[in-house]
Amino acid sequence: MLKEFKEFISRGNVIDLAVGVIIGSAFTAIVTSLTTNLLNPLLGIFLGKMNLTGLSFSVGDAVFKYGAFLNAIVNFLIIAFVVFLLVKLINKVVRKEKAEAVPTPSETYLKEIKKLLEKQANQH
């Protein structure tokens, strides 16, 4: 069982996934800081309140912190947009590599014709 676990954990996909989770966590912290420390004060200038996370309303004893919810939505949108851009970039690179790697049928035929002509020229 220990051997199977070692084989599982040594697979490239598991390690790549772990790196992705760690990078994702660090990126989330950066985006949260961006939203809290830069975007919220900027929006606060226009809305008249400097701290959007403190926005709330009460109904009876219940407090609804819609400012924190807005903050979470902004964080999500920023992260989703960056992930979208990364996926788009990766897909573009992968498609380009595939296009370069696969010869077109006409290229293949031309190479075959060239070989046949060279073979015929060498026979004479």
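So here's what we get for this one:
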{"quantity": "Leading residue by the ranking (modelled with the highest pLDDT) among those in the stretch 51-62 that are among the polar types (S, T, N, Q) and in contact with a Gly (Cβ under 8 Å, 6 or more places away or on another chain)", "calculated": "Ser56"}
{"quantity": "Helices (runs of 4 or more DSSP H) (entirely within the stretch 21-124) containing at least 2 residues that are among the β-branched types (Val, Ile, Thr) and surrounded by 11 or more Cβ atoms within 10 Å (Cβ to Cβ)", "calculated": "66-101"}
{"quantity": "Hits in the stretch 1-20 - residues which are aliphatic (A, V, I, L, M), over 19 Å from the mean Cα position of the chain (by Cα) and either assigned to a helix (DSSP H, G or I) or surrounded by 11 or more Cβ atoms within 10 Å (Cβ to Cβ) (or both)", "calculated": "Leu2, Ile9"}
{"quantity": "Any hit, the stretch 63-71, residues being under 36 Å from the mean Cα position of the chain (by Cα), among the β-branched types (Val, Ile, Thr) and at pLDDT below 85", "calculated": "no"}
{"quantity": "Residues located in the stretch 1-32, provided they are more than 19 Å from Ala80 (Cα to Cα) and among the small types (Gly, Ala, Ser)", "calculated": "Ser10, Gly12, Ala18"}
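The values are calculated or read from the model by the stated rules, or taken from the named source; none is laboratory data. As the structure is a prediction and not an experimental result, all values here were calculated from the model. Virtual Cβ from ideal backbone geometry, glycine too; neighbours counted across all protein chains shown.
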